[in-house]
Amino acid sequence: MLDGALLVRRQRVPLRLSAASYLGGLVFGLALAALILVQLGVPAAALWQEFVVQTFLTSQGLGQTVTAMIPLVLVGLGTALALRVQFWNIGIEGQLWLGAMAATWVSILDLGPEPLRLPLMLALSMLAGALWIALPLALKLLWGVSEVISTLLLGSIAFFWVQHQLFGAWRDGTTGFPTSPTLDATERLPLLGWGQVHAGLWLALAAVVLAAAVIGVTRLGFYARAVGANRRAARAAGLPVLLTVAIFVLGSGALCGLAGAVIVTGTEFRLSQSIGAGYLFSGIVIAYLARSNPLAVLVVSFLLGGLYTAGGVLKVFYGISEAMVLLVQGVVLLSVLCAQLFADYRVVARRPQ
Amino acid sequence: MIKLRSAFATGLLAASLPVAAGAFELKSEPKIAFIYASTVQDGGWNEAIDKGRAAVSEELGLDIAVAENIPEEATRLRAAIDLYVQRGYNIIVGTTYGYSEAMSEAAQAYPDVAFFNASGVHNGENMESFYARTYEAWYLAGIAAAEASESGKIGMLAGFPVGVVNWDVNGFARGAQSVKPGIDTTVVYTNSWWDPVKEGQVSEAILDQNADVIATDLSAASALNAAEERGAGAIGYQIDMSAAAPEHILTSVVFNWDAYLTPRIKAVIDGSWEPEEWGWFEGLESGVVDLAPFGPSVSEETKAKIAEAKAQIIAGELQPFAGPLMARDGGEVVAAGEVLPDDALWTMDFFVDGITGTMPAGE
């Protein structure tokens with residue numbers, strides 16, 4: 001039967017079909033996840049209460065989901081911006097750590113007057129993230145070095161740098177443990193009075209709006225679309241390819257750096273070895289599922305934040321192991337990804353010659 | 001109990017909540033939860049605490065909830081604590097220093113819940129951090145190692161160069177030197193808390209350098225496997241690791257956390273718990289840290305020496321870090337007749353004389 005059918009790529013994917021494929025994938029994935037969970041001993045009757053109500057419909061659960069979402073939005077947007085110009089940023093965690101280090105550095109040195117401290121920490125984190133991606137960008141533009149390798153390796157270097165600081169100059173002198181001293185109250189993002197949700201939410205939303213505006217409305221966004229579709233054709237058409245690529249890639253690094261600062265100033269209040277772990281995976285999944293669309297990044301990050309909250313519930317109340325939690329999350333994400341196939345392609349019966 | 005101004009003190013002053021007098025009282029039926037950063041069956045640190053949990057559960061006849069793999073990130077830990085508190089849990093035990101900040105914040109947000117944290121750094125009206133003077137038991141293990149060594153060289157694996165690890169290393173070396181003054185202690189830091197493959201390779205490398213005893217300050221048993229295969233003496237940590245080296249095991253430095261947890265949690269339930277202002281921090285005399293039964297190759301004479309040293313430590317006559325204490329790279333740290341104070345223990349960042357190896361990424 002298979003050799004009697006052809007997959008034909010659609011020229012244009014209707015919005016309705018695209019939405020239906022996402023939703024179908026999500027429902028299929030959740031159903032599969034529910035089956036696995038029931039097999040693992042989670043009572044079927046509790047599924048709705050625990051995962052939908054607890055994760056999205058209670059104030060506390062929703063607060064947790066939104067708190068988890070904030071840095072996810074920033075790294076998701078970061079990845080998406082780079083992908084728009086066909087640049088694979090695999091060094092998300094590296095830029096995030098650089099941003100976190102920049103913010104910590106400002107705090108440790110008490111740079112600037114107190115009211116400007118927090119803005120300075122955030123601004124420098126963006127600069128640090130952008131600088132950390134500027135190197136692979138330059139290597140790629142000058143000598144064609146693959147950014148997949150160079151960003152990835154710079155990520156490892158950033159991690160060793162963090163370790164070096166934490167076991168050296170920045171180690172908390174009172175405890176001897178590898179964490180930086182805690183931030184002063186003025187160096188923290190204010191809480192919004194809803195769980196642990198902090199003002200980083202406004203930064204994340206502003207970043208979404210800004211990115212959507214740049215991509216959707218400005219000339220630069222148009223250039224990026226052309227560069228992303230076909231770099232050589234864009235160059236032949238006389239578009240400023242280098243400038244466009246540079247702005248989007250540096251923006252990508254800056255957003256990932258900002259994510260690092262938001263984690264440090266919003267939830268952790270200090271630099272430690274465990275911040276930022278896993279954000280590479282999340283960033284790529286979000287950008288991919290959202291097809292590099294900023295508004296979709298927001299939605300996907302929210303859902304992924306919900307998956308993390310639900311994962312917490314599984315571990316806390318049902319003793320489900322980490323491996324199983326990851327498996328269930330993977331099943332949901334994979335089925336959403338696979339479902340896109342049906343939006344992108346038409347299945348056509350092959351006619352006998 | 002010796003109560004010195006420790007790192008806990010300065011930590012508390014920095015975070016600062018005045019500790020009010022009077023005992024903590026539960027407002028509802030006790031519901032207990034333990035939170036772990038990785039799997040409970042890790043063969044070491046978590047497993048030792050979970051044995052304590054099981055003992056508490058049996059002693060009190062209460063089910064105790066367990067959450068595994070809650071990462072050392074404020075958002076994830078706080079989410080887990082919120083969930084427990086929301087469902088009526090009122091005694092929450094954390095198991096890693098990485099939980100310190102978030103747990104302290106949670107303790108302030110939930111004043112009616114009792115919080116405990118193993119190797120944590122914060123304390124308060126409803127929160128107590130606890131750890132053991134593990135260097136005392138490592139001193140005893142050092143005696144066992146030196147007595148077993150013929151080559152005059154013993155080895156040790158360590159994780160990250162933090163105070164609680166460095167004092168194990170130095171305690172081990174001091175114990176060994178107490179019976180064989182010229183003995184060389186070779187130390188390698190793996191820069192990880194759990195990496196069995198790397199630990200195995202590092203153990204082989206240390207044994208290749210003519211060491212004939214190897215001790216591990218980590219949770220995996222790789223060093224013991226390597227020692228058993230090569231016929232070298234082995235010393236485990238956290239739980240009795242003799243199964244990994246049945247013939248050549250000398251002993252293991254073990255935690256008996258129930259000696260702390262059971263009376264503590266009982267006190268919370270009967271309303272008599274008053275959190276230690278600077279955290280709970282005791283050694284051999286409390287029974288929380290000790291040596292596991294000795295292996296078949298340990299002589300009666302060695303056992304007698306260890307028993308004597310143990311009795312002296314418990315009596316307060318012997319102090320592993322009493323002066324004169326010389327740092328390998330920087331002269332005298334403690335003068336004769338004095339003892340290293342607790343705050344210097346927590347920030348210990350030097351090797352005592354007689355240690356070979358490097359401490360990574362020091363200042």
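Derivation of every value follows stated rules applied to the coordinates shown; laboratory data play no part. Every value quoted in this text rests on a predicted model; they were computed, and no experiment measured them. Positions of Cβ are backbone-derived with ideal geometry, glycine not excepted, and every protein chain shown enters the neighbour counts.
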Residue that is surrounded by the fewest Cβ atoms within 10 Å (Cβ to Cβ) [pool: residues in the range A:190-209 that are within 14 Å of chain B (Cβ to nearest Cβ) and over 27 Å from A:ASN293 (Cα atoms)]: A:GLY193
Some residue of the range B:101-124 being acidic (Asp, Glu), more than 24 Å from A:LEU326 (Cα to Cα) and at the interface with chain A (Cβ under 8 Å from one of its Cβ atoms): yes
Scan of the range B:207-225 for residues that are within 18 Å of B:VAL253 (Cβ to Cβ), assigned to a helix (DSSP H, G or I) and not polar (S, T, N, Q), ordered by number: B:ALA223, B:LEU224
Residue within the range B:341-363 that is more than 14 Å from chain A (Cβ to nearest Cβ), exposed (fewer than 15 other Cβ atoms within 10 Å of the Cβ) and of a type in the set (Gly, Ala, Ser) present: no
Single unsatisfied condition, A:ARG291 versus (1) out of contact with any Gly (no Cβ under 7 Å at 6 or more places or on another chain); (2) in contact (Cβ under 8 Å) with a residue 24 or more places away in the chain; (3) under 21 Å from A:LEU205 (Cβ atoms): (2)
Count of the range B:53-76 residues which are more than 14 Å from every other protein chain (Cβ to nearest Cβ) and either among the β-branched types (Val, Ile, Thr) or surrounded by 22 or more Cβ atoms within 10 Å (Cβ to Cβ) (or both): 1
Scan of the range B:30-77 for residues that are within 18 Å of B:ALA220 (Cα to Cα) and in contact with a Gly (Cβ under 7 Å, 6 or more places away or on another chain), ordered by number: B:ALA37
Residue under evaluation A:GLU187, criteria (1) within 25 Å of the chain's Cα centre (by Cα); (2) free of Cβ contacts under 8 Å to residues at least 40 places away in the same chain; (3) surrounded by 14 or more Cβ atoms within 10 Å (Cβ to Cβ), criterion not met: (2)
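Give the range A:318-328 a look and list any residue that's closer than 21 Å to A:PHE302 by Cβ and either surrounded by fewer than 18 Cβ atoms within 10 Å (Cβ to Cβ) or touching a residue at least 24 places away in the same chain (Cβ under 8 Å) (or both), or say none.
Going residue by residue through the range A:318-328, those that are closer than 21 Å to A:PHE302 by Cβ are A:325-326, A:328.
Hits for the range A:318-328 are A:LEU326, A:VAL328.
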Residues being assigned to a helix (DSSP H, G or I) and of a type in the set (Val, Ile, Thr) - total across the range B:29-55: 1
